[in-house]
Every structure is written in C-alpha cells, then in structure tokens.
Amino acid sequence: WPLVKTILDTKVELRAMRDPTRGGLAAAVCDIAQASDVAIRLHENALPVAREVRGACELLGLDPLTIANEGKLLVFCRHADAECVLAAMKGHSLGRNAVVIGEVHEKPPGMVLLQTTIGGERIVDMPTGEDLPRIC
C-alpha cells in the first residue's frame, strides 16, 4: 500500500494497476489487453528479470513471463504521465527498481506482443494452469 499511495499522490490519471502474482506478467497484461480491447507491446530487454531467475527458468524450461511475481506492481497510465509516475515510484524504497516495460496501442486489439532482444516479435498468450505449484 505505501507504494500505491505514493503513486496516487501524484494525482496522475491512472488507467489500471495490477498485481502480477497469479499467472505472472503474462496473465496480468493479457487480461488487461483483452478486457480493454487494446494491444500491449512489451520490450524484452526492459523486463527486470534477475540473471539467476532467467537462468533457472532456462534450466527448467519455464517462461519468466508466467512465473508468479509476488510483491510486484504493474501501473498503466498515459504516455505523457509515465515519467512522473516512474519518478514517484523510484523515489520510494519499494519502487526503486521500477522501469517502463512497454506501451499500449490500439492494434491489434486484445493482444500482447513481446519485442524480443533479437528484434523479433512474439505473441504472449494467457497462461493455462500454473508452471509451479503454489506455496502460499
């Protein structure tokens, strides 16, 4: 709540906020894209995935986009307000590692696309089931 309050205190008009715990980033952004009938483009090189997590996912054949992200927060706002929201988040101890990971577009509606580090693009699908068992 303290980080959310910091974001709300900016008085920026937020479009959505989401906790990516269940289903990870993929489930959260797919849900928002489908519910809002917008396209979301993520940038793989901007995703803050720790080297150790990336390595473990590669070893186990898991997609880091579908792994639960406890204690994380996704914020959707107008592009013009992104720097203000980002600065507020970075100014709080819980948001010091905040980054912009993508943007919202009109087309293709309801889809999430990932711009890969090698310059390609892939569709991010809504996860089916859970890759890892719940521990809480």
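The values are calculated or read from the model by the stated rules, or taken from the named source; none is laboratory data. A quick note: this is a predicted structure, and the numbers were derived from the prediction, not measured. Here Cβ is always computed from backbone atoms with ideal geometry, including for glycine, and neighbour counts include all displayed protein chains. For the accessible areas, the whole protein counts, side chains as well, though only heavy atoms, and no ligand, DNA or RNA atoms are used. Shrake-Rupley method; radii C 1.70, N 1.55, O 1.52, S 1.80 Å.
Structure values in brief
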quantity: Hits in region 12-57 - residues which are farther than 16 Å from H79 by Cβ and of a type in the set (D, E, K, R); calculated: R18, D19, R22, D31, D37, E44, R51, E52, R54
quantity: Residue among E52, E70, E83 that is open to solvent by 100 Å² or more (accessible area, probe 1.4 Å) and more than 30 Å from D9 (Cα to Cα); calculated: E52
quantity: Selection count, region 87-123, where residues are open to solvent by 40 Å² or more (accessible area, probe 1.4 Å), within 14 Å of K72 (Cβ to Cβ) and β-branched (V, I, T); calculated: 1
quantity: Odd one out for C77, checked against (1) more than 17 Å from the chain's Cα centre (by Cα); (2) open to solvent by less than 70 Å² (accessible area, probe 1.4 Å); calculated: (1)
quantity: Residue list for region 19-36, restricted to those being surrounded by 13 or more Cβ atoms within 10 Å (Cβ to Cβ), small (G, A, S) and on the phi < 0 side of the Ramachandran plot; calculated: A26, A27, A28, A33, S36
quantity: Pair list, Cβ < 8 Å and 6+ apart or interchain, from region 88-109 residues that are free of Cβ contacts under 8 Å to residues at least 12 places away in the same chain to residues that are part of a loop (DSSP other than H, G, I, E, B) and surrounded by 14 or more Cβ atoms within 10 Å (Cβ to Cβ); calculated: K90/A98
quantity: Residue check, L65 at pLDDT below 95 and either part of a strand (DSSP E or B) or within 14 Å of the chain's Cα centre (by Cα) (or both); calculated: yes
quantity: Subset of region 37-49 that is touching a residue at least 60 places away in the same chain (Cβ under 8 Å) and over 14 Å from L114 (Cβ atoms) - its residue that is most open to solvent (accessible area, probe 1.4 Å); calculated: D37
quantity: Test result for P127, crowded, with 17+ Cβ neighbours inside 10 Å and not in a helix (DSSP H, G or I); calculated: yes
